[in-house]
Structure formats: structure tokens, C-alpha cells
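Here is the structure we will look at, set down as C-alpha cells.
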Amino acid sequence: MKKIIVFVFIVSLAVTSQAQGNFEGIIKWDLSLTSKSNTAAPTELTPKQKEELNNSITELEAQINDPSMQPAFESNPSLKLMMEQQLASMKAMQGEKGISSLMPKSYIVKMKDGNSYTQIEGGVAAAAGDILYLKAMDKTYYIKKGAKTYSIAPKTKSTYSEDATVMVTPTTETTKILNYACTKYIVTFTEAGKSRTLFIWATKDLKQYSPSSFQISGLSNASNTSAIRKIDGVPLKIEVTEEGQTVILEVIELKSISLPTTDFLLPADYKEVPFGQ
């Protein structure tokens, strides 16, 4: 259960990463959860899952309140915010809707001149607001339209140790996504003797969209970034299976169109507030 929650946050950050390529247009990602039988996963938690969830909440609350963690939070405010968002997500899952209260339905990402603007539809993550990245200033802003406020996100530090490794293995398996031919890659992350595997489907048919626009959050050291770049093409689908449930993030719409510069400006009448508020 906890691994699924963490993965949702990882892919959320992946699709909202800064656009470094020359692609201009709109990309819509759909997020879904399926069970072993390839059907929609049940939203109601089993007694065992409820117990695991309650234990995870207790553990995470202890970590957030641990005095020894405070120096790390002060040097990396985004770490504390991420943990608080995970905690809020876990508590939301205790309600009647279970895991469905956590899952975003989709992400809509606009890109132009290396800038990006992301809207999250549904799920707890949507409460954080829209996400604007401005390449010229190398800054990320969280914009809350309802409150007419924005905050500047601190630079995210890697959550992986320097000895963490990632292996990318191409397969012969292919499929079509949005009529683009895609090849399946197996991506395995290993740290402290533990491994996690993702499956990424990538296409070489999108010449105007740089693969460098796709990044996995937390893999900022040179060796891991280099390994991710071994994927030959642009990722259009990510999937991971944990505890019998599969989370799938897939591009369902990709439009190469001209966008107005005003889509990538901070609203002049919005007030700046501290990050996390």
C-alpha cells in the first residue's frame, strides 16, 4: 500500500518536470489502477490494507515529528512538504472512497520554449495547485487559483544515495500508443539492496519532442540521469505493479500546437505566500 502511494508521487513529479526539449503543445496523461485480473482495482480497502495503512500513518507521523529530522527539513523544505502530502493522502484513504481519493485522474501539461504549466485533475495532489516551471529563472511555482496565491518551490534534492543504481533494459515487445510505435523498456532501481522495477514504453516517432523533457524525480546524480537517457525515444507510458495492483500512467492526448506566452506567466494580481501554504 505504501509503495503504491510513493509511486503516485514519483510519477506526479515525473510528468510535471521541466520541459527542456523544443516541443510546443499540450500533453495529457491518464492515470489508472488495475488489479491482477486486469480489471479496475477495488477502491475499498481490505482489513489487511487498512491495518497496513494505519501503521504507515503512525510511522510517517513519527518521522515528521522526530526532532532529528528537523535539520533535514530546514535544509530541504520540499522533503517535509512531500512527506506531509503523503500523510494527507494516507488519511484521505481512510474514508469511504479508499484509494480512489488519492489517485489523480489525469495530468495536463502545456509546454513552450522550455517552460511548462501542469494541471492535476482529481486526487489529493490537485490541492497543491497548478505547477508552473519557468526555464529562464529555473524556478517552479505552485499556483492556487481559488486563493489567488502562488509560492516558489525550493530546489528538490535527490532522495537517492550516491550508490543507488538504475539499469535500463530494452525488450523486443512493442505496442502502439496514439498510433505511435512504442518499445517496452525495463527500468530497475536498486538502493541499499532493495530493487524497484518500472516498465516504460517509448517511441522514436516523435522527432520534435526531446526525450530529455522526461525526468524521474530524485534521480539527479549524473550516473542515474545518464542511464535514464539510454531509453531510445520519448516515454508515452509508465507502469509499475506492487502488491497485486498496477498503476499505469499513459499519454492519451498529444497536440503539437502554438501556445500563447501568457499561458506561462504568473498572474499579476496573485499574492506570494510561503511554500507549503
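Bear in mind these aren't lab numbers, they're just calculated from the coordinates by the rules spelled out. Because the structure is a prediction, the values reported are computed rather than measured. Every residue, glycine among them, receives a Cβ derived from its backbone with ideal geometry; neighbour counts consider all protein chains shown.
Annotation for Lys255 and Lys91: the two label points, set 7 Å from Cα along the Cα-Cβ direction, are 3.8 nm apart. With 0.36 nm allotted per residue and the present C-alpha distance subtracted, the Thr188-Gln70 stretch has 39.3 nm of extension available. For the pair Ser32 and Asn54 in one chain, pulling the backbone fully straight at 0.36 nm per residue adds 5.5 nm over the alpha carbon distance.
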